[in-house]
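Note sheet for the following structure.
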Amino acid sequence: MESRARLDRLKAQPYEKPTLGLVSAALVVVESLTSILPPNALDETISTLRAIKARDEAGLKDSGDCAAAAEDLAARLVEVRTAVVQRFVTAWQENAARDVAGRLGLEMASLCMIEGRWQPQLSDDVRAALSRGPLDGNQMLSVLLPAEQSFRVAVVIEGTSGLESVAGLMDPAAALVEIQPGAQVTGWGSRTADLKALAALAEVSSSARRAWSANHAGGHVLLDFTVRARDLGGAARFGRRQVMELLDQYVAGQRIAEIRLRPETLARDTASGRVLRLSEPALGTGRLRPLTTNWPPALRECLRTAHIARITEAPMAAAGLCWAALEALEVKPKSIDKLARALSLQAVRQQIVDLHQQTRNAIAATAKAAHNAHRVAQNVSDSLESAATAAGKDRKATLEAKLAEARDIVINRHAALKRAMKAEAHLTTVDAWTGVSSSAKLHDLDRWLDVLAAPADVKPELRMAADAMTALADDLGGEAGARLQTWRVLVATPVALAEWIETTAKQFEKDLEWLYALRNTALHDGRFTSATDMLDAHAGRAFVDMTLEFLGNWYSQATSTHSERAAWAAIKVIHDLSDRQRTVVAGLRRGTRTGLNTSHLTSPTSNGWDRA
């Protein structure tokens, strides 16, 4: 709405029809939230969206009307956030139903990303808080979304010896300090050494470039400034974003020289003194495999654009480039529904593969924790027993009372250990049926599907594995346990699985429509920020990853088995898989999954419903 409200545009973006589609999609999402929120919590938000929808495309033509709608929606954001957060707090307290807890968990995860939480630190904070004991709803909320505070951030700009008027181009509250090479570093207290280390790293890099090539002057400057954020990682990323936008002025003003932001960033918590050394993007390790071992002509342009989207820091630009990568496969707005259906098939396969890995990880983690907890309890008990034996009369009674408590803990921990070891034994039985490699990868995805929900009249080996799976599912807790229960129901109820596939396809379709709108506002309208841009960039990259995953597999398989399909255009593959999704859903709606070929669900060697 804000984009369409701009007066300086001859053609407002996005166009009326896709904008109205996004409003309708938002209305569906908000209305679905009402089932888990208190009555009337979102009434004003729903009324606002319905009013915009009722005015149809005619109500989106005038920039003034769009500006008013944008203002109304901005006010409603607070209402939605407040309702979700308050419901999360009460749900945490009352041990809400699984579906309610699951939806609120997703909403809070999205909110954490939208409000700038850095995922590694968020995970560490949650683990640390929960390890200290039970938390009430408000305490958990403060862990997920701590209050914003001031952080100092330092970055290095290469390609310049100084930036004129830099302080005036930033918010005065940033209190920006420009630090020249060799200048005295102040203001970082006990963490001055960290700032000096960043300066030294920049100097070494500049010197190395000058030594390597005569055309590199090697100039650089440090910027040290304040940002407001919820954690150190969020501050570092937000600080980088501010500087990248600041450099827009200098790139345009200079035009010839190349200037850039180095990947290293230093952030300091001004309250606690903690620092974070961050490098963006984070680099991987180990050997890498290509998507395909040749160069399918249908993928060449997409691979290039997807790579650029992956390494682009600016989230709105990255999201727009993600649509451009899909467009390089000839995906157009009118074929979004077909890509969505193809992706829903890939999503089924991904979910089932990931379920296997997460189940194994949860069992291994539970067993490790049980062993450690039992060992610690036994050591405490042994120490108390030795102390009680050697103690005099005045301390003996006290120590023996503590020893009795410690022995009770050992008994409880030993019982937990036995349960964990039993789960490992059940997993071994399941593995005997499914088959796994030395790296715990499945040999046959369909055999894993069989064991999740086997019918009554099956061969003894499968019956034994299925019984072991039932025992595992009954005892496994946490997210892995909840997902295992959910997917056992879906696999056992083909109609429900069909519903899941179709619902997923519809959600993907709405998300892809949103991605297309972002492409228009980012690349056509020039907008570079939005409330959800970090979330949008992640979603866009995920869609490109999933699409390339099934296309890469298709062309790899087709090259060796179906040479005529190796020559298909990418959009033809997408159309074929879209039709296949309809075939699979129709088969499942008949109440059977016999024939569902999960192992080759998106492969050119199958039609998705031809398992022997």
- Query: Which loop GluC sites (Glu not before Pro) in the range 141-237, with loop taken from DSSP, have no more than 12 other Cβ atoms within 10 angstrom of their Cβ?
  - Reply: Glu164
- Dipole magnitude of the chain about its Cα centre (Cβ charges: Lys, Arg +1; Asp, Glu -1), debye to nearest 20: 1200
- Item | Paramagnetic label zone (point 7 Å from Cα along Cα-to-C-beta, Thr493; backbone N under 20 Å) in the range 461-480 | 470-471, 473-475, 480
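Could you give the C-alpha radius of gyration of the range 552-598 expressed as a fraction of 2.2 N^0.38 Å, taking N as the number of residues it contains?
Details: Rg = 12.9 Å, N = 47, 2.2 N^0.38 = 9.5 Å.
Compared with the compact-globule rule of thumb, the range 552-598 sits at 1.36.
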- Message: 7 Å from Cα along Cα→Cβ at both Ser205 and Lys418: what's the point-to-point distance in nm?
- Response: 5.8
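Carbon and sulfur atoms: what percent of the 1.4 Å accessible area of the chain do they account for?
Answer for the chain: carbon and sulfur cover 55 percent of the accessible area.
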- Of Lys11/Lys572; Lys368/Lys441; Lys61/Lys572, pairs whose Cα-Cα distance is over 29 Å: Lys11/Lys572; Lys61/Lys572
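If a/c stays under 1.5 just call it rounded; otherwise compare a/b with b/c (prolate if a/b is bigger, oblate if not). Do that for the range 185-231, with a ≥ b ≥ c from the square roots of the Cα gyration tensor eigenvalues.
Details: a/c = 3.32, a/b = 2.20, b/c = 1.51.
It is prolate, given that a/c is not under 1.5 and a/b is the larger ratio.
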- Quick calc: nm separation of the 7 Å Cα→Cβ label points for Glu178 and Ala147 -> 3.5
- Compute the accessible area per residue over the chain, keeping the other protein chains in place, probe 1.4 Å, unit Å². 52
- Note on the structure: Applying the gyration tensor rule to the Cα atoms of the range 208-264 (axes a ≥ b ≥ c; rounded if a/c under 1.5, else prolate if a/b exceeds b/c, else oblate), the class is oblate
- Given C-alpha coordinates of the range 311-381, what is the ratio Rg to Rh with the Kirkwood estimate of Rh? 1.36
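Compute the length gained on full extension between Ala612 and His538: take 0.36 nm times their separation in residues and subtract their Cα-Cα distance, giving the result in nm to one decimal. Spell out each step's value before the answer.
Details: separation 74, 0.36 × 74 = 26.64 nm, distance 3.82 nm.
Extending this stretch completely gives an extra 22.8 nm.
In debye, nearest 20: dipole of the range 472-519 around its Cα centre with unit charges on the Cβ of K, R (+) and D, E (-)? Show your work: numbers first, answer last.
Values: 5 positive and 8 negative charges, 28 e Å.
With Lys and Arg at +1 and Asp and Glu at -1, about 140 debye.
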- Query: For the chain, what is the mean residue ellipticity at 222 nm derived from helices alone (per DSSP H run of n ≥ 4: -39500 (n - 2.57); sum divided by total residues; nearest 500 deg cm²/dmol)?
  - Reply: -21500 deg cm²/dmol
- Note on the structure: Filtered hits (aspartates and glutamates, Cα-Cα < 18 Å from Lys196, offset >= 8 within chain) -> Glu158, Glu178, Asp224, Glu264, Asp269
- Message: Along the Cα→Cβ direction, 7 angstrom out, place labels at Glu330 and Leu291. What is the inter-label distance in nm?
- Response: 1.6
- Message: Given all pairs of different Cα atoms, what value in angstroms does the Kirkwood hydrodynamic radius of the range 62-171 take?
- Response: 17.6
- Could you state the orientation-averaged shadow area of the convex hull built on the Cα atoms of the chain, in nm² to one decimal? 36.9
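The values are calculated or read from the model by the stated rules, or taken from the named source; none is laboratory data. Note that the structure is a prediction, hence the values are computed from the model and not measured. Using ideal geometry, Cβ is built from the backbone for each residue, glycine included, and neighbour counts are taken over all protein chains shown. Note: accessible area is taken over every heavy atom of the protein model, side chains too, but ligands, DNA and RNA are not part of it. Shrake-Rupley method; radii C 1.70, N 1.55, O 1.52, S 1.80 Å.
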